[in-house]
1. So which residues in segment 77-97 are of a type in the set (Asp, Glu) and open to solvent by 40 Å² or more (accessible area, probe 1.4 Å)?
2. Can you run down the residue pairs with Cβ atoms below 6 Å, 6 or more apart or on separate chains, where the first is in segment 64-85 and within 15 Å of GLY51 (Cα to Cα) and of a type in the set (Gly, Ala, Ser) and the partner is assigned to a helix (DSSP H, G or I) and open to solvent by 70 Å² or more (accessible area, probe 1.4 Å)?
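The values are calculated or read from the model by the stated rules, or taken from the named source; none is laboratory data. All figures in this text were calculated on a predicted structure; none of them were measured in a lab. Cβ coordinates were reconstructed from backbone atoms using ideal geometry, including for glycine residues, and neighbour counts include every protein chain displayed. To get the accessible areas, we keep the full protein, side chains included, count just its heavy atoms, and leave off ligands, DNA and RNA. Shrake-Rupley method; radii C 1.70, N 1.55, O 1.52, S 1.80 Å.
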Amino acid sequence: MRLDRQAGRSIVLCLLASFLLSIFGPLSASAQTAQEGAVDPIQAIIDRADGSYRLGVEALSKGDAELSRRMFDQAVDAVLMSGINLRANAKLDRYYR
């Protein structure tokens, strides 16, 4: 009989824990989504292109012309392949020029 009570309590605690997780789990997920939504997609493109450009400059200073060329190409591609119209976005257009 005592074992049945302990098993019953364990089941109740598991159900309570899963209930609480189902309530509070989505709240934390929506908070993360809101924070991720705050990231400026244009700035992310610029950061990606800038990172490739800096790697190209570093490779060029070390004498690795092939890697430098690939990194410079990757920097330009990050902007051009972003799918954003440069004429419609002044910030990205300024960076690209």
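1. Looking only at segment 77-97, we keep the residues that are of a type in the set (Asp, Glu), and these are 77, 93.
Within segment 77-97, just ASP77 meets the criteria.
2. SER68/LEU60; ALA75/TYR53; ALA78/ARG48
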